[in-house]
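Heads up: the structure comes next, in structure tokens.
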Amino acid sequence: ETALALWDQVADPGAGLGLDRAAVLQHAAESAYLAGDPIRAITLTRAALLDVDAAQDPVRAGLLHGRLGGYLRATGGEGAFEHYQAAVRLVPTSPPLAERAQVLAAFGEALIVQARYRDSRDLCTEAIEVARQIGALADEGDARRALGVDLAFLGDLDAGVEQLREARRIAEAVGKVDDVARSYAVLSGLLESFGELEEATAVALEGADLATSQGLGRWHGPFLTATAARALFGLGRWDEADRLLHRAAARVAPELAATRVLIHAAHSQLAVARGSAASAAQHLAAAREAYAVTVTQPWFATPMFIAAAELALAEGRPRDADSALTEG
């Protein structure tokens with residue numbers, strides 16, 4: 001951002017740097033995202049797109065659209081899918097390009113939140129084929145991370161877990177710490193969803209430690225910590241779950257509304273289980289407030305409706321419980 005602020009004070013800065021302004025904006029956006037500020041990343045990426053002529057450089061424009069889709073999806077912002085579609089449309093199918101594999105994998109991962117597992121599987125399979133043709137290992141890893149979720153929800157949990165472990169090995173091999181942490185997050189969340197609670201706890205805690213050590217403590221760390229807490233709650237280890245939920249709430253970035261929904265919903269369920277309806281109601285209100293910030297991912301939203309139903313039942317309000325489940 002300092003380089004961008006100085007940009008207009010230098011004669012032909014792109015020639016001296018070997019980078020044009022759009023490239024510097026893209027680097028700044030990625031750094032902002034990794035530092036836990038996706039809102040800033042969105043602003044910077046939009047600025048980069050204004051500097052790129054899609055007709056003259058469709059590959060670059062497509063890649064920027066794909067990244068913008070990812071940043072919007074992370075924050076629950078509107079328009080993410082339109083940007084993914086633009087990315088796939090702009091990056092050509094021939095010759096094989098790493099950028100093509102990248103946008104296919106990103107779109108495939110996004111389709112998971114709509115439970116479109118077969119569509120996602122097809123995109124990810126194509127992405128892997130393209131990536132393997134040209135040795136784009138990092139992009140292959142991204143596709144395998146999404147494919148793992150697809151396979152699990154299409155009926156083969158073991159195959160899905162193996163794809164996710166392979167995605168993590170690839171991310172470690174290429175040194176992409178964000179993708180390593182993301183692989184931990186996806187795998188632990190998947191294991192928790194399928195009731196593999198002991199393993200989910202271990203994976204989530206290992207991932208949270210890694211995220212914190214690599215400077216991703218405000219981003220992936222709270223989600224992983226909350227995932228471990230949810231699994232521990234399911235195992236009956238309530239005191240440990242409570243400590244982890246407080247830790248996650250203290251560290252989560254304010255703009256990560258979806259993760260805050262997950263944390264407060266889990267805390268509400270824990271409070272109901274302990275017989276503290278007042279505390280449960282406070283956490284449920286906080287979850288709803290965060291949810292109102294355009295949270296669209298069902299993975300995050302569903303626990304809030306479950307928590308609302310459980311609180312309503314505990315307070316003798318079965319009709320309200322039914323309404324919460326219907327809405328969910």
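The values are calculated or read from the model by the stated rules, or taken from the named source; none is laboratory data. Computed from a predicted structure; not experimentally measured. Using ideal geometry, Cβ is built from the backbone for each residue, glycine included, and neighbour counts are taken over all protein chains shown. Accessible surface areas use protein heavy atoms only, side chains included; no ligands, DNA or RNA. Shrake-Rupley method; radii C 1.70, N 1.55, O 1.52, S 1.80 Å.
Results, tabulated for the structure shown:
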{"quantity": "Close pairs (7 angstrom Cβ cut-off, 6 or more residues apart or separate chains): without any contact (Cβ under 8 Å) to a residue 40 or more places away in the chain and part of a loop (DSSP other than H, G, I, E, B) in segment 73-98, open to solvent by less than 20 Å² (accessible area, probe 1.4 Å) and not basic (Lys, Arg) anywhere", "calculated": "Gly79/Leu72; Val91/Gly62; Val91/Val103; Pro96/Val130; Leu97/Val91"}
{"quantity": "Residues of segment 206-236 that turn out to be within 15 Å of Leu187 (Cβ to Cβ), surrounded by fewer than 24 Cβ atoms within 10 Å (Cβ to Cβ) and touching a Ser or Thr at 6+ places or on another chain (Cβ under 8 Å), as a count", "calculated": "0"}
{"quantity": "1 or more residues of a type outside the set (D, E, K, R) and closer than 24 Å to Ala208 by Cβ: qualifying helices (runs of 4 or more DSSP H) within segment 228-328", "calculated": "238-251, 257-273, 277-291, 298-314"}
{"quantity": "Residues located in segment 129-153, provided they are in a helix (DSSP H, G or I) and more than 20 Å from the chain's Cα centre (by Cα)", "calculated": "Glu129, Val130, Ala131, Arg132, Gln133, Ile134, Leu137"}
{"quantity": "Members of segment 237-248 that are open to solvent by less than 50 Å² (accessible area, probe 1.4 Å) and either under 19 Å from Leu191 (Cα atoms) or among the small types (Gly, Ala, Ser) (or both)", "calculated": "Ala241, Leu244, Leu245, Ala248"}
{"quantity": "Every residue from segment 182-205 that is open to solvent by 30 Å² or more (accessible area, probe 1.4 Å) and aliphatic (A, V, I, L, M)", "calculated": "Leu197, Ala202, Leu205"}
{"quantity": "Hits in segment 22-71 (condition: surrounded by 18 or more Cβ atoms within 10 Å (Cβ to Cβ) and outside any helix (DSSP H, G or I))", "calculated": "Gly36, Asp37, Val52"}
{"quantity": "Qualifying positions in segment 108-139 - more than 25 Å from Glu192 (Cα to Cα) and either in contact with a Lys or Arg (Cβ under 7 Å, 6 or more places away or on another chain) or buried (at least 19 other Cβ atoms within 10 Å of the Cβ) (or both)", "calculated": "Leu123, Ala127, Ile128, Val130, Ala131, Ala136, Ala138, Asp139"}
